[in-house]
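The values are calculated or read from the model by the stated rules, or taken from the named source; none is laboratory data. What you are looking at is a predicted structure, and each value in this text was computed from that prediction instead of being measured. Cβ sites come from the backbone with ideal geometry, for glycine too, and all protein chains shown count toward neighbours.
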Amino acid sequence: MRWYLDPATKNWVWDTPTSVSAWVTTRSGGVSHPPLDSRNISYNVGDLPFAVKENRRRSVPRLNQLIMAQQVHQAQTEWVGQADAGRGALEASSAIAGADGLVTDSETVVLGMGFADCVPIFFSDVTGTAIGIVHAGWRGTVSGVQLGALESFRQHGWEPDEMLVGIGPAIGPCCYEVDIQVAERVRIAVGGSETLIVGRDPDHFYLDLWETNRLMLERAGIPAAHITILKRCTACHPEEFFSHRRDRGRTGRMGGFICR
């Protein structure tokens with residue numbers, strides 16, 4: 001497994017041995033105007049709806065099959081299927097409410113989320129039958145959104161050791177400064193691992209969300225060899241990525257998408 005930048009689509013692609021397709025868009029190749037330039041895929045950041053629709057059309061090969069989640073920085077994961085196709089695809093109001101994770105075994109739907117520093121986590125079982133995506137900011141991470149996805153897979157017949165995981169571009173420990181309250185919640189979630197949190201001073205810390213999620217997934221039963229991380233910081237690469245932290249909240253969203 002590996003991550004690579006596709007020069008044709010300008011997407012970061014999670015390449016697996018299965019027939020699953022998974023990718024994270026970059027900000028180039030769209031039609032939105034500054035500061036949302038140019039391939040913003042979110043209807044919730046003040047962009048023109050026609051621009052978002054065109055950006056999504058350029059980013060998702062089967063837009064009518066796309067399913068998007070509301071994304072509320074919590075831990076809810078929803079199992080979806082063909083009956084949900086199109087929810088959130090052409091407007092935000094019909095997205096799967098309250099969810100930060102989507103999982104399915106449908107052969108036709110495309111699962112999608114928006115990102116601008118939070119961690120995109122992709123799932124596929126080793127046969128490419130069951131797939132999923134979660135949106136993991138620090139709140140979702142410590143609340144266990146990634147573990148909720150694993151539990152949903154387990155309820156539908158797939159154990160953690162059968163799953164492959166791709167962890168995509170997000171704000172890195174080079175840039176992600178948090179206060180002591182957030183640091184303590186992360187320490188509790190991961191059982192006191194100090195390697196994930198580096199102190200800047202007694203009240204401020206730098207947090208590694210990639211490794212936090214990797215550790216939580218391994219402890220839940222995912223083999224280490226089944227996890228691939230693209231450690232590319234969204235805040236450090238303004239030419240490639242939107243970043244909520246870097247751009248002080250006035251920014252677009254990249255899309256994370258996965259389908260069979």
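Figures for the structure shown
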item: Counted residues, the stretch 64-94 - those being more than 11 Å from LEU111 (Cα to Cα), surrounded by fewer than 21 Cβ atoms within 10 Å (Cβ to Cβ) and of a type in the set (Gly, Ala, Ser); result: 4
item: Some residue of the stretch 156-167 being farther than 22 Å from THR18 by Cβ and of a type in the set (Val, Ile, Thr); result: no
item: Residues that are without any contact (Cβ under 8 Å) to a residue 40 or more places away in the chain, within 19 Å of ARG232 (Cβ to Cβ) and either among the hydroxyl-bearing types (Ser, Thr, Tyr) or surrounded by fewer than 10 Cβ atoms within 10 Å (Cβ to Cβ) (or both), drawn from the stretch 178-213; result: TYR206
item: Answer from VAL13, VAL60 - the residue that is closer than 25 Å to ALA85 by Cβ and surrounded by fewer than 20 Cβ atoms within 10 Å (Cβ to Cβ); result: VAL13
item: So SER32, is it under 20 Å from GLY168 (Cβ atoms) and either in contact with a strand residue (DSSP E or B) (Cβ under 9 Å, 6 or more places away or on another chain) or not aromatic (Phe, Trp, Tyr) (or both); result: no
item: Test: residue in the stretch 31-43 that is assigned to a loop (DSSP other than H, G, I, E, B), within 22 Å of ARG87 (Cβ to Cβ) and out of contact with any helix residue (DSSP H, G or I) (no Cβ under 8 Å at 6 or more places or on another chain); result: no
item: Filtered residues of the stretch 16-30 (kept if in a strand (DSSP E or B), among the aliphatic types (A, V, I, L, M) and in contact with a Ser or Thr (Cβ under 9 Å, 6 or more places away or on another chain)); result: ALA22
item: Residue in the stretch 215-229 that is without any contact (Cβ under 8 Å) to a residue 60 or more places away in the chain, of a type in the set (Gly, Ala, Ser) and outside any loop (DSSP other than H, G, I, E, B) present; result: yes
item: Residue tally, condition among the aliphatic types (A, V, I, L, M) and out of contact with any helix residue (DSSP H, G or I) (no Cβ under 8 Å at 6 or more places or on another chain), over the stretch 96-132; result: 7
item: Checklist (1) within 20 Å of VAL142 (Cβ to Cβ); (2) surrounded by fewer than 15 Cβ atoms within 10 Å (Cβ to Cβ); (3) at pLDDT 90 or above applied to ILE227, failing item; result: (2)
item: Any chance PHE153 is touching a residue at least 60 places away in the same chain (Cβ under 8 Å), of a type outside the set (A, V, I, L, M) and buried (at least 20 other Cβ atoms within 10 Å of the Cβ); result: no
item: Options PRO173, PRO160; residue that is more than 22 Å from ARG56 (Cα to Cα), in contact (Cβ under 8 Å) with a residue 24 or more places away in the chain, surrounded by fewer than 24 Cβ atoms within 10 Å (Cβ to Cβ) and out of contact with any strand residue (DSSP E or B) (no Cβ under 9 Å at 6 or more places or on another chain); result: PRO160
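Per-residue answers, yes or no, for (1) in contact with a strand residue (DSSP E or B) (Cβ under 8 Å, 6 or more places away or on another chain); (2) more than 16 Å from VAL134 (Cβ to Cβ):
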{"position": "SER19", "(1), (2)": "no, yes"}
{"position": "ALA22", "(1), (2)": "yes, no"}
{"position": "ILE41", "(1), (2)": "yes, yes"}
{"position": "GLN65", "(1), (2)": "yes, yes"}
{"position": "SER93", "(1), (2)": "no, yes"}
{"position": "ASP100", "(1), (2)": "yes, no"}
{"position": "ASP105", "(1), (2)": "yes, yes"}
{"position": "LEU111", "(1), (2)": "yes, no"}
